[in-house]
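The values are calculated or read from the model by the stated rules, or taken from the named source; none is laboratory data. Everything numeric in this text was worked out from a predicted model, so none of it was measured. Virtual Cβ from ideal backbone geometry, glycine too; neighbours counted across all protein chains shown. Ligands, DNA and RNA are stripped out before the accessible areas are found, and what is left, the full protein with its side chains, is counted by its heavy atoms. Shrake-Rupley method; radii C 1.70, N 1.55, O 1.52, S 1.80 Å.
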Amino acid sequence: HIPVLLGHGEGVTRLNTPTRLPSTLGDERAVSVSAGGGHSLALTADGAVWSWGDGGFGQLGHGDQQNQLLPKKVEAFADQRVVAVSAGGNHSLAITADGAVW
């Protein structure tokens, strides 16, 4: 059993009530979120993508297979404006403003 990574930092694997994330997502307003099997994504108003949780299959988009305890900006989209995200079981998808699917 792999411990759940909720984005609230080390040791937080269960919350019984809705709890705001401690990260500010770069001081940007979240406009969309998506939850996968063990990871989550947030899309901000400026088109940035943030990910956290289980990264064992590279689904967080950071170029590695590391888990992230807190939301981390996906730098691969630095020159793109993402308009939609979706988190799957062990994968993630994004659509950019030009209609490209990543």
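General observations
- Restricting the range 78-93 to residues that are more than 29 Å from GLY11 (Cα to Cα) and of a type outside the set (Lys, Arg), the residue that is surrounded by the most Cβ atoms within 10 Å (Cβ to Cβ) is VAL82.
- Test: THR19 is polar (S, T, N, Q), in contact with a helix residue (DSSP H, G or I) (Cβ under 9 Å, 6 or more places away or on another chain) and open to solvent by less than 80 Å² (accessible area, probe 1.4 Å): no
- Conditions (1) modelled with pLDDT of 95 or more; (2) under 13 Å from the mean Cα position of the chain (by Cα); (3) open to solvent by less than 50 Å² (accessible area, probe 1.4 Å); number of the one not met by GLY7: (1)
- LEU60 hydrophobic (A, V, I, L, M, F, W, C) and open to solvent by less than 30 Å² (accessible area, probe 1.4 Å): yes
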